[in-house]
Amino acid sequence: MLANSSPLSPTDRDLADAVVAGAEDAFRDLYARHTPRVFQLIRRLAGGERADAEDILQDVWIQAVRALPHFRWEASFSTWLTGIAINQTRTWWRKKGARLFDSVEELPLVAREAPLGQRLDLESAISQLPDGRRAVLVLHDIEGLTHEEIADRLGVAVGTSKSQLFAARRTMRAHLDPDGARRGQTSGERRCDPCPKTT
């Protein structure tokens, strides 16, 4: 039994301390607790390919176990592990020779969420985005990171994060609602999300 915890609900720190001490069952528990969410994040960042995501996930856990003795618990384990996942995905992008960020003009923001009936198309639309736009969309709109946090983790300027998100949202809108996207282009209407408040 892990020290200082209930046998039914050890904390992440309890499990991590046990992993550092060499307990394989604690690693299995920690892995089972965090892998589903981290795997989904990696798979989205990698473009939806399961085999690629599994390879990256393996590297994430190798790096996490190596770094765990030095983890200071200034953030949650989940946040720390997410950071490792983003870094390992960046390494994977570099290895495959991806040009992560394109130069894009500032584009209007569009709706954050597809209607319920289009949810099945959402993952497909995300997977078809260029790597940089997909990364920013996933980290901002799904994971909830700020542009400042994204810029720090991806090593880009805040403005790059914002412009990539604008472009990603426009592409998503065109994929999920092509008629609506065409109407917006022909009418010259600029949409924003959220629209600025008037004073």
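A few notes on this one:
- Between 150, 126, the distinction of being modelled with pLDDT under 90 and β-branched (Val, Ile, Thr) belongs to 126 only.
- Residue match in region 177-192 (condition: modelled with pLDDT under 90, crowded, with 16+ Cβ neighbours inside 10 Å and among the charged types (D, E, K, R)): yes
- Cβ separations smaller than 6 Å between residues 6+ apart or across chains give the following pairs from region 158-172 residues that are in the same structural domain as residue 147 (by TED's automatic domain parsing) to residues that are in a helix (DSSP H, G or I) and of a type in the set (Lys, Arg): 164/133; 167/133; 168/133.
- Region 76-99, residues that are of a type in the set (D, E, K, R) and in contact (Cβ under 8 Å) with a residue 40 or more places away in the chain: 90
- Within region 42-60, the set of residues being surrounded by 15 or more Cβ atoms within 10 Å (Cβ to Cβ) and closer than 12 Å to residue 127 by Cα comprises 42, 43, 44, 45, 46, 47, 48.
Listed here are the residues, each with its yes/no results for (1) free of Cβ contacts under 8 Å to residues at least 40 places away in the same chain; (2) of a type in the set (Lys, Arg).
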position: 14; (1), (2): yes, no
position: 17; (1), (2): yes, no
position: 34; (1), (2): no, no
position: 37; (1), (2): no, yes
position: 41; (1), (2): no, no
position: 62; (1), (2): yes, no
position: 71; (1), (2): no, no
position: 74; (1), (2): yes, no
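Results for (1) at pLDDT 85 or above; (2) in the same structural domain as residue 143 (by TED's automatic domain parsing); (3) of a type in the set (A, V, I, L, M, F, W, C); (4) farther than 30 Å from residue 158 by Cα, shown as yes or no for each residue.
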| residue | (1), (2), (3), (4) |
| --- | --- |
| 2 | no, no, yes, yes |
| 29 | yes, no, no, yes |
| 35 | yes, no, no, no |
| 42 | yes, no, yes, no |
| 69 | yes, no, no, yes |
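The values are calculated or read from the model by the stated rules, or taken from the named source; none is laboratory data. This structure is a prediction, so every number in the text was calculated from the model and none was measured. Cβ sites come from the backbone with ideal geometry, for glycine too, and all protein chains shown count toward neighbours.
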